[in-house]
Amino acid sequence: MHKKTLLILFLLFLSQTSFLSIAESTPNQQGVVDLRILETTDLHASLINYDYYQTKADNRIGLVKTATLIRTARNEVQNSLLFDDGDHLKGNPLGEYLARIRGIHRGKIHPVYRAFNFLDYDAVAIGNHEFNYGLDFLNAAIKGAKMPVINANVFSVKKNKPYFTPYVILKRNVVDQTGRKHELKIGVISFMPTQIMKWDKANLEGKITAKPIVDTAKEFIPIMKSKGADIIVALAHTGISYEPYNAESENVVYYLSKIPGIDAVLAGHSHSVFPGPVYKNSPHTNIKMGQINGKPVVMAGAFGSRLGIIDLRIQKSNGTWRVVKGTSLTRPIADESGNPLVRKDKGLYKLVKPEHQETVDFIKKLGL
Ligand SMILES: [Zn+2]
């Protein structure tokens with residue numbers, strides 16, 4: 001072998017060994033990633049901190065306030081994802097005005113999705129109330145979303161396939177505790193109560209069917225794993241109940257959290273707060289850690305009143321990521337007396353103000 005080649009090989013060997021010794025000196029830190037997952041849920045079109053019925057500011061609601069919590073929670077960590085858990089289009093006069101009076105004009109984006117785009121949500125769930133204005137309105141609204149809008153247990157009658165995108169596998173570059181970058185594949189799946197077939201019979205019958213949430217999860221989770229999902233987050237538009245499970249159960253977070261492969265559950269639909277004192281003496285539930293059946297679960301109330309936060313610590317060993325710790329908490333936008341704890345996000349306020357003002361003007365015109 002040529003002398004020069006030998007020298008290069010020797011230098012290469014040296015660089016390899018020094019790399020190995022650095023890696024070996026910090027074995028616990030290798031491939032340990034802290035990943036924060038943020039949740040809004042059941043916004044019910046509460047974009048502004050405003051009560052349209054009493055026509056005055058209400059600092060206990062409004063995504064413009066939650067947005068400030070979102071920014072803070074993101075800035076505290078290196079790796080984060082943001083999701084909405086559904087029921088975001090209907091529930092206040094702004095939602096009604098847009099769906100029933102003004103409509104979404106061609107080329108315009110529904111202000112709820114404009115807000116989601118602005119805040120850079122990673123994916124959003126479809127909730128049962130999203131069907132209240134009919135499938136055409138929903139499909140038109142979804143077109144404006146830059147992020148995946150997903151649900152796995154609503155099926156098209158004609159095609160016998162999921163009506164929406166059932167799940168996504170998001171590829172994200174994350175930074176571990178030593179500053180090294182990794183590509184992480186985060187599987188995200190979403191569900192809603194099967195009761196939609198009763199609640200929105202006129203809009204849905206003959207067009208879609210709803211399959212039981214837990215059965216659907218058990219069907220899709222192995223598929224997502226086989227497609228490379230390192231971890232799986234469930235956007236579960238369903239509440240927490242400890243009643244025995246049956247296929248008709250509406251609130252199934254307790255049973256979803258038992259399914260192997262699901263690493264974190266974002267709950268919703270019932271407008272409760274988890275972790276919270278209501279669940280203090282519930283079975284297999286740890287409200288200090290924010291866990292049910294050992295899995296992190298969060299439910300951030302409703303109307304933007306709180307931000308849900310799950311903090312996951314995941315570790316890579318032998319090429320496989322696994323969750324080694326998962327805890328949750330919620331942060332409120334106001335104290336118990338309704339005093340604001342955060343300012344509104346000015347950028348978001350400016351962005352959604354036109355439709356807010358139109359709604360206020362419309363209510364005034366009606367003399368309400
Ligand atoms: Zn709901």
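Taking the criterion of being in a strand (DSSP E or B), farther than 29 Å from residue 232 by Cβ and not β-branched (Val, Ile, Thr), would at least one residue in region 56-77 satisfy it?
Yes.
Determine, yes or no, whether residue 247 is closer than 21 Å to residue 42 by Cβ and hydrophobic (A, V, I, L, M, F, W, C).
no
Return the residues of region 208-221 that are closer than 22 Å to residue 135 by Cα and touching a Phe, Trp or Tyr at 6+ places or on another chain (Cβ under 8 Å); say none if nothing qualifies.
Those that are closer than 22 Å to residue 135 by Cα and touching a Phe, Trp or Tyr at 6+ places or on another chain (Cβ under 8 Å): 208, 209, 210, 211, 213, 216.
Provide a single number: the residues in region 125-154 that are more than 16 Å from the ligand (Cβ to nearest atom), in a loop (DSSP other than H, G, I, E, B), farther than 16 Å from residue 190 by Cβ and touching a residue at least 40 places away in the same chain (Cβ under 8 Å).
The total comes to 2.
Go through region 316-354 and count every residue that is open to solvent by less than 20 Å² (accessible area, probe 1.4 Å) and hydrophobic (A, V, I, L, M, F, W, C).
5
Cβ-Cβ distance below 8 Å, separation of 6 or more or different chains: which pairs start in region 89-111 with a residue that is of a type in the set (Phe, Trp, Tyr) and modelled with pLDDT under 90 and end on one that is assigned to a helix (DSSP H, G or I) and open to solvent by 50 Å² or more (accessible area, probe 1.4 Å)?
Going by the 8 Å Cβ cut-off, the qualifying pairs are 97/358; 97/362.
May I ask you to list pairs of residues, at least six apart or on different chains, whose Cβ atoms are under 6 Å apart, with the first in region 213-231 being in contact (Cβ under 8 Å) with a residue 40 or more places away in the chain and within 28 Å of residue 173 (Cα to Cα) and the second being of a type outside the set (A, V, I, L, M, F, W, C) and open to solvent by less than 10 Å² (accessible area, probe 1.4 Å)?
224/187; 229/187
Just the residues that are more than 14 Å from residue 307 (Cα to Cα) and either hydroxyl-bearing (Ser, Thr, Tyr) or modelled with pLDDT of 95 or more (or both), please, taken from region 23-45.
25, 26, 32, 33, 34, 35, 44, 45, listed by residue number.
Of everything in region 258-279, what is part of a loop (DSSP other than H, G, I, E, B) and either at pLDDT below 95 or not charged (D, E, K, R) (or both)? Give them in sequence order.
Matches in region 258-279: 259, 260, 261, 262, 267, 268, 269, 270, 271, 272, 275, 276.
Under 8 Å between Cβ atoms, at least 6 apart or on separate chains: pull out the pairs that start in region 343-362 with a residue that is outside any helix (DSSP H, G or I) and end on any residue that is polar (S, T, N, Q) and buried (at least 18 other Cβ atoms within 10 Å of the Cβ).
Within 8 Å, the pairs are 343/68; 344/49; 344/68; 345/68.
How many residues are within 16 Å of the ligand (Cβ to nearest atom) and either closer than 30 Å to residue 181 by Cβ or open to solvent by 30 Å² or more (accessible area, probe 1.4 Å) (or both) when one looks only at region 79-124?
Of the residues in that region, 6 qualify.
The values are calculated or read from the model by the stated rules, or taken from the named source; none is laboratory data. These figures come from a predicted structure and were not determined experimentally. Backbone-built Cβ (ideal geometry, glycine too); neighbour counts: all protein chains shown. Note: areas computed on protein heavy atoms with side chains; ligands, DNA, RNA excluded. Shrake-Rupley method; radii C 1.70, N 1.55, O 1.52, S 1.80 Å.
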